[in-house]
1. Please find, among Ser51, Ser76, the residue that is buried (at least 17 other Cβ atoms within 10 Å of the Cβ) and either over 17 Å from the mean Cα position of the chain (by Cα) or within 10 Å of the ligand (Cβ to nearest atom) (or both).
2. Are any residues in the range 164-191 within 13 Å of the ligand (Cβ to nearest atom) and either hydrophobic (A, V, I, L, M, F, W, C) or modelled with pLDDT under 95 (or both), and if so, which ones?
3. Going through the range 28-48 one residue at a time, which ones are within 9 Å of the ligand (Cβ to nearest atom), outside any strand (DSSP E or B) and of a type in the set (A, V, I, L, M)?
4. Report those helices (runs of 4 or more DSSP H) wholly inside the range 396-510 carrying at least 1 residues which are within 28 Å of Asn173 (Cα to Cα).
5. Is it the case that the range 387-394 has a residue that's among the aliphatic types (A, V, I, L, M), modelled with pLDDT of 95 or more and not in a loop (DSSP other than H, G, I, E, B)?
6. From Ala67, Ala56, which residue is in a loop (DSSP other than H, G, I, E, B) and open to solvent by less than 20 Å² (accessible area, probe 1.4 Å)?
7. Would you call Ser375 within 21 Å of Gly15 (Cβ to Cβ) and either within 18 Å of the chain's Cα centre (by Cα) or away from the ligand (no atom under 15 Å from the Cβ) (or both)?
8. For the range 407-417, indicate whether the set of residues that are touching a Phe, Trp or Tyr at 6+ places or on another chain (Cβ under 7 Å) and either at pLDDT below 95 or under 30 Å from Arg193 (Cβ atoms) (or both) is non-empty.
Amino acid sequence: MKTINHDFHIIIIGGGVVGCAIARELSKYKIKIAVLEKEDDVGWGTSCRNSGVVHAGFNNRPGTLMAKFCVEGNKSFEDLCHQLGVPYKKIGKLVVAQKKEELKDLQKLKQQGDANRVDNLQIIGLNELKRLEPNLVGIAALYSPETAITSPYLLTIALAENALNNGASFFLNTEVKDISRLDNSYFKISTNRGEFTSSYVINSAGLYADRIARMAGIKKFSLYPCRGEYHILDKKASWMINHLVYPVPQDGTGGLGVHLTPTIDGNILIGPSNEYINRRNDFSSTFPIMKMLSAEAYSFLPLISSGDIIRSYSGLRAKQVPSSVGGFWDFVIEESDTVNNFINLIGIESPGLTAAQPIAQRVVNIINKKERLNSNFSFNPFRKGILKFEEQDEETKKALIKQDSNYGEIVCRCEKITKKEILEAANNPLGAKSLISIKYRTRAMMGRCQGGYCQTRIMEILREYFELDPKEITLKGNDSYLLNGYRSNKENNQSCQKKKLLSLEEGLLV
Ligand SMILES: Cc1cc2nc3c(=O)[nH]c(=O)nc-3n(C[C@H](O)[C@H](O)[C@H](O)COP(=O)(O)OP(=O)(O)OC[C@H]3O[C@@H](n4cnc5c(N)ncnc54)[C@H](O)[C@@H]3O)c2cc1C
């Protein structure tokens, strides 16, 4: 086993959207930072398995950190996406009442939003609802024009890459196993890839944050996985709605109800469900929930048909509230009162994506108060994403192909992704090279055929580019090898030759 022995000022455990946002905020200062992430890439926990909604902040109880950071996050989100080259669209949200009894709940939601200082909320009646969404079933709605959508995985990747470019270190495939104190000033963090030392630890391990806290001797937190399943609809269904469409939330459920979410890439999501489960790695899609999702969506949008569904997936909420209680508890973002310099982020469930930047700023403020951090004057907030060939005009496309012929080869036919984009994704600054890393960076394999056409072509590109033995190519890192039984042409020929000789000896023809 390779032993890494680095001394860092600050170690962040967990490369989700929150850990990566913290790394970026900290890279504005002259400090040695590292992010330790157990997976092969950043964002593979809850951060790539959500609705991708930039919430406005009317769902959260006034006075909570959730409400404060959601509203702040919403207001600064467009700038953040602009700096990082991440897509963002303010498409607005409708919370739709289907029965008269729900009208008072819309009023309550609006009042809560007003108390949280959410801008431009209004209750609209049937006519306006029909004008905004002609295909929808409902009688009135709370309209929030400030609600937006983004790409949660691209944002996480972009935060990480920008932090990396500004000096932060990322250790992927690095699982924290134990934490101890060397003396009063240092932590020793033991991982599957050796030991690290640091003056501060930031516990941003999402659903596993209670276990990480326990490694440091902090026993007061417990987290409960609460699964949300989704259907993804084909892009050809995208014309059916223009806004995010939510039901009126039910008290105590701990979710916002099954909603219809147009994604930034032109699909519609149906979900998520809301179900406490026992295992923290159970991302199943289950038949009863899949049926329930379809029925709920159909009640709002009868045009939807099961033939529009191209895939299902699920994400796990890191709930502090046990199922017997239900509802939401507030984010915990605090330095431990028993372990000095150990900062816990606990229960960062929705709207954690929206609130990631304000959460990160809160963490930096906690450290800054103790340390008076020195600014990194060379911090560059900007990061360029991979250029999307399909979104360019015809002239630009021609010029790009002239510049680099790899733009002239479409690898993913559904999403129209070129070889050049695959190569750029493979050459990412974090060094992640599995198929899922390519998928999240380019959208290749995310279309109607779900990789049926392009997956093997992408594997071939990876093989060539990294000079890999095909057996080394993985779906999502670790031991997710795809071609265990692969034989090269040479091996195949040798084996055929051997068989031929044997059969000749036995007097048989192959
Ligand atoms: C169904 C669903 C829908 C949601 N929709 C929205 C939405 O529309 N808008 C919104 O604002 N929010 C939404 N959220 C919430 C949002 O997704 C989360 O708040 C956010 O992603 C949390 O990010 P995180 O970085 O804290 O956690 P994660 O993304 O889970 O990151 C934690 C990381 O820690 C790593 N880790 C864990 N243990 C270890 C270890 N021992 N060593 C090293 N690494 C470790 C994990 O691999 C993981 O990458 C939704 C959540 C769910 C589940």
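The values are calculated or read from the model by the stated rules, or taken from the named source; none is laboratory data. Computed from a predicted structure; not experimentally measured. Using ideal geometry, Cβ is built from the backbone for each residue, glycine included, and neighbour counts are taken over all protein chains shown. Heavy atoms of the whole protein, side chains included, go into the accessibility calculation; ligands, DNA and RNA do not. Shrake-Rupley method; radii C 1.70, N 1.55, O 1.52, S 1.80 Å.
1. Numbers: Ser76 fails: buried (at least 17 other Cβ atoms within 10 Å of the Cβ).
One residue alone meets the criteria, Ser51.
2. Of everything in the range 164-191, those that are within 13 Å of the ligand (Cβ to nearest atom) and either hydrophobic (A, V, I, L, M, F, W, C) or modelled with pLDDT under 95 (or both) turn out to be Phe170, Phe171, Leu172, Val176, Ile179, Ile189.
3. Correct list: Val42 only.
4. In the range 396-510, the matching helices (runs of 4 or more DSSP H) lie at 419-426, 435-442, 455-466.
5. no
6. Criteria check complete, one pass: Ala56.
7. It is false that Ser375 is within 21 Å of Gly15 (Cβ to Cβ) and either within 18 Å of the chain's Cα centre (by Cα) or away from the ligand (no atom under 15 Å from the Cβ) (or both).
8. No: the range 407-417 contains no residue that is touching a Phe, Trp or Tyr at 6+ places or on another chain (Cβ under 7 Å) and either at pLDDT below 95 or under 30 Å from Arg193 (Cβ atoms) (or both).
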